[in-house]
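Q: Here you go, one structure.
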Amino acid sequence: MSEQHVPFRQFIVKVHGRCNLACRYCYLYEGPDDTWRGRPAAASPEVLDRTADRIAEHARVHGLTALSLILHGGEPLLAGADTLGRFTALVRDRAPAGCTVRAVVQTNATLLTEKRLAILARHRVGVGISLDGGLPAHNARRVDHAGRPSWPAAARGARLVADRFPQAYAGILAVVDVTQDPVRTYESLLALRPPALDLLLPHGNWSAPPPHRDSAATVYGDWLCAVFDRWWEAGRRETRVRLFEECVALLLGLPAISETLGLAPFDAVVVETDGSIEQVDSLKSAYEGAARTGLDVFRHGFDEALEHPGVAARQAGAAALAGQCRACPLLPVCGGGHYAHRYRAGHGFRNPSVYCADLQRFIRHVAARLAATTTATAATTATATTTAIAVSASPEGGTP
């Protein structure tokens, strides 16, 4: 294995490959890649057993002291809470001594019940919830296969976790909808008491732009800035917002690992229901087969996936970026943006993000707020302040 490769530390396992919802914006089931149709609906015991072996093997070879096990889908609870618990226990049992396994199930919350949550809690499986806001209007696109709204069941599930199993509550993942008021959306999510919040930009690229994108405006950047100001000015940390905390950390020269920001090598890998080893699902928003590696857990170890050109590109830092990204003063913070958002048909992924202007708007705004705060409060932060001021004052870069 090449010295530049970083071992995988996030193992995303598709325990179930179907979903009980039919969200209207779903890139996985409604996008250009339909390879899911040819795969089993659920991972077999043999696939899960072999996957546990491969995860333990990778952890042992690389001396990992911690790893993340993300139980995913589709809707993973369709596989049953007992299956999720047994698989998690299998991974923990086989992981080398001294390696902590942090397990989380990412669910739409509609199938959460007290019994299922008790099983997950017993197996120390955290619960991450996918919602687009804390009000019915925010989730109007999240419907079931008959077109019925998922919000009533999802809201019940989210509140049940917050009320009865707060120790298992991992947080909420929300896709940004710029047609909704940013502050109201954020505050409605706060009402569900998540310990952490992920704000994700909708998957899109230069050939299939995200909804409502305007080349003459920064609607997504403006939306994020409005939420950032509400979060920043709260006077206390009401919840962790990963995008905001990582942006601040990168501006201060601290390490941060994110798909959206920074140059840190990406360290996640996916196992599909048939045992195929793939790159992350977001690539499937680009074209059919974009996530494929040709590997599987029965014949290959995860080290072989590290050698795949797509994985290598995501671990190559600035070397994998377009020339104008490498020349941009925001590079250490932006990192070129999310890899899937750089795609352009016929030109691959060596392009700036389709959200380039929005990311510039957001990062400069955060830098300016950070610079003003640190200047006013502590002379000892002079170095960080100078960096933030320089970024906030740097000239605008172009987009293709």
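The values are calculated or read from the model by the stated rules, or taken from the named source; none is laboratory data. Since this is a predicted model, take the numbers as computed values, not measurements. Positions of Cβ are generated from backbone atoms using ideal geometry, with glycine treated the same way; all protein chains shown enter the neighbour counts. SASA here: full protein model, heavy atoms, side chains in, ligands and nucleic acids out. Shrake-Rupley method; radii C 1.70, N 1.55, O 1.52, S 1.80 Å.
Q: Quote the charge dipole size of region 176-252 about the Cα centre in Debye, to the nearest 20; the model charges only the Cβ of Lys and Arg (+1) and of Asp and Glu (-1). Walk me through the intermediate numbers first.
A: Working: 8 positive and 11 negative charges, 47 e Å.
So the magnitude is around 220 debye.
Q: I've got another one for you. Evaluate 2.2 N^0.38 Å with N set to the residue count of region 98-155, then give the Cα radius of gyration divided by it.
A: Numbers: Rg = 13.9 Å, N = 58, 2.2 N^0.38 = 10.3 Å.
Relative to the rule-of-thumb radius for its length, region 98-155 sits at 1.35.
Q: Give me the dipole magnitude in Debye, nearest 20, for the chain about the Cα centre, with unit charges on the beta carbon: positive for Lys and Arg, negative for Asp and Glu.
A: In total the dipole reaches around 660 debye.
Q: Can you work out the Karplus-derived ³J(HN,Hα) for every residue in region 284-296? Use 6.51 cos²θ - 1.76 cosθ + 1.60 with θ = phi - 60°, whole Hz, and x for glycine or proline.
A: After applying 6.51 cos²θ - 1.76 cosθ + 1.60, I find 5, 6, 8, 6, 5, x, 5, 8, 5, 10, x, 10, 8 Hz.
Q: A further question follows. Within 10 Å of each candidate Cβ there may be at most 14 other Cβ atoms; applying that plus a DSSP loop requirement, which trypsin sites (Lys or Arg not before Pro) in region 149-243 survive?
A: On the way: sites: 156, 159, 164, 184, 213, 230, 236, 237, 240, 242; in loops: 213, 236, 237.
The qualifying sites are 236, 237.
Q: For residue 240, enumerate residues with amide H under 5 Å from its amide H, sequence gap 5+ or separate chain, H modeled in the peptide plane.
A: For residue 240, whose amide H was placed from the backbone, the distant partners under 5 Å are 196, 197.
Q: Convert each backbone phi in region 138-145 into a coupling constant with the Karplus relation 6.51 cos²θ - 1.76 cosθ + 1.60 (shift: θ = phi - 60°), then list the ³J(HN,Hα) values in order as whole Hz, x for Gly and Pro.
A: With the stated coefficients, region 138-145 comes to 6, 10, 5, 8, 9, 10, 8, 6 Hz.
Q: Here is a further query. Taking loop as defined by DSSP and a crowding limit of 15 other beta carbons within 10 Å, which trypsin sites (Lys or Arg not before Pro) in region 13-89 fit?
A: 24
Q: Residue farthest toward the positive end of the dipole of region 1-127, with Cβ of Lys/Arg at +1 and Asp/Glu at -1: which of 76, 31, 51?
A: Farthest towards the positive end: 76.
Q: Hey, what's region 111-156 come to in accessible area per residue, 1.4 Å probe, Å²?
A: Values: 2120 Å² over 46 residues.
Per residue, region 111-156 has an accessible area of 46 Å².
Q: Using only C-alpha atoms and all pairs of different ones, pull out the Kirkwood radius for the chain in Å with one decimal.
A: Its Kirkwood hydrodynamic radius stands at 21.9 Å.
Q: Relative to the Cα centre, what is the charge dipole magnitude of region 250-314, using +1 at the beta carbon of each Lys and Arg, -1 at the beta carbon of each Asp and Glu, and rounding to the nearest 20 debye?
A: Charge dipole of region 250-314: 200 debye, to the nearest 20.
Q: Relative contact order (percent) for region 206-273, with alpha-carbon contacts under 8 angstrom and 6 or more residues of separation?
A: 14 percent
Q: Extending each Cα 7 Å along its Cβ direction at residue 316 and residue 299, get the distance between those two points in nm, one decimal.
A: Roughly 2.6 nm, to one decimal.
Q: Also, I was wondering about something else. Just to make sure I understand: if all protein chains stay in place, what is the order of 145, 308, 138 by accessible area at 1.4 Å, largest first?
A: Largest to smallest exposure gives the sequence 145, 308, 138.
Q: Decide, for region 143-262, between rounded, prolate and oblate: order the square roots of the alpha carbon gyration tensor eigenvalues as a ≥ b ≥ c, take rounded if a/c falls under 1.5, and otherwise choose prolate if a/b is larger than b/c, else oblate.
A: oblate
Q: Could you compute the FRET efficiency for residue 196 and residue 141, with r as their C-beta to C-beta distance and R0 at 25 Å, rounded to 0.05? Walk me through the numbers on the way to the answer.
A: Values: r = 23 Å, r/R0 = 0.92.
Efficiency computed from Cβ-Cβ geometry: 0.60.
Q: Given only helices, namely DSSP H runs of n ≥ 4 each adding -39500 (n - 2.57), what is the per-residue ellipticity at 222 nm of the chain, to the nearest 500 deg cm²/dmol?
A: On the way: 14 runs with 145 residues, N = 400.
Calculated at 222 nm, the ellipticity per residue is -11000 deg cm²/dmol.
Q: Which far-off residues, 5 or more places away or on another chain, put their amide H under 5 Å from the one on residue 170, with H placed in the peptide plane?
A: Amide H neighbours of residue 170: 127, 128.
Q: Extension gain residue 236-residue 30, at 0.36 nm per residue separation less the Cα-Cα distance, in nm?
A: Length gained, residue 236 through residue 30: 70.2 nm.
Q: Here is a further query. Of 41, 107, 200, whose Cα points farthest to the positive end of the dipole of the chain (charges on the beta-carbon: +1 Lys, Arg; -1 Asp, Glu; origin at the Cα centre)?
A: After comparing all options, I get 107.
Q: Something else now. Using Cα centres only, tell me the gap between region 142-216 and region 312-331 in whole Å.
A: First find each Cα centre; the distance between them is then 30 Å.
Q: For an R0 of 30 angstrom, estimate the FRET efficiency from the Cβ-Cβ distance between residue 102 and residue 60 and round to the nearest 0.05.
A: 0.95
Q: Can you tell which of 130, 255, 154 lies farthest toward the positive end of the dipole of the chain, using +1 and -1 charges on the Cβ of basic and acidic side chains (Lys, Arg; Asp, Glu)?
A: Ranked along the dipole, the leading option is 154.
Q: Tell me the label-point distance for the pair residue 6, residue 163, using the 7 Å Cα-to-Cβ offset, in nm and rounded to one decimal.
A: In this crude label model, residue 6 to residue 163 measures out at 4.1 nm.
Q: Okay, next question. Please tell me the relative contact order of the chain in percent, rounded to the nearest whole number, where contacts are Cα pairs under 8 Å and at least six residues apart.
A: So the answer I get is 18 percent.
Q: Sticking with this structure for a sec: I'd like the chymotrypsin sites (Phe, Trp or Tyr not before Pro) in region 18-117 restricted to DSSP loop residues with at most 15 other Cβ atoms within 10 Å, sorted by number.
A: Values: sites: 25, 27, 29, 36, 87; in loops: 25.
The qualifying sites are 25.
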